[in-house]
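Data block below; observations after.
Nothing in this text is a laboratory measurement; each read-out follows from the coordinates by a stated rule. Computed from a predicted model, the values in this text were never measured in an experiment. Methodologically, a virtual Cβ is constructed for each residue, glycine included, from the backbone with ideal geometry; neighbour enumeration extends over all protein chains shown.
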Amino acid sequence: MAGAAAYTSYAHQRESALQGGARAVSASLWPLSVDGPLLPATVGLLKPSGARTHRTRGVVWAAFLLGIAVSPAANVAAVPAWAWTPPGRGERPASTSHQG
């Protein structure tokens with residue numbers, strides 16, 4: 001499941017970078033710069049504290065939370081605009097009344 005989520009995230013962010021005008025190589029590296037810090041941050045949070053300082057723990061948490069905030073934002077940015085029209089606006093449905 002994590003692999004599917006990682007692939008989808010990568011594909012969305014790469015597409016977003018391409019739509020934004022990035023070249024192919026830059027677009028391919030962009031998702032790694034966004035989601036990349038999540039892996040070491042997650043590992044850092046899962047490891048026992050040991051000799052780690054309070055400051056180090058804070059940096060790991062900051063990297064993790066930043067990644068959690070930026071990754072979904074980048075994925076949402078890759079979604080095409082919806083052409084949704086609220087009910088009551090736009091075209092009216094065809095009349096169902098019969099004249100006869």
Worksheet item: Where does segment 2-77 land on Rg(C-alpha)/(2.2 N^0.38 Å)?
Response: 1.26
Worksheet item: Could you give the nm distance between label points at Val25 and Thr8, where each point is 7 Å from its Cα heading toward the beta carbon?
Response: 3.2
Fill in: Inter-label distance, nm, simple model (7 Å from Cα along the C-beta direction), Ala62/Val43
2.1
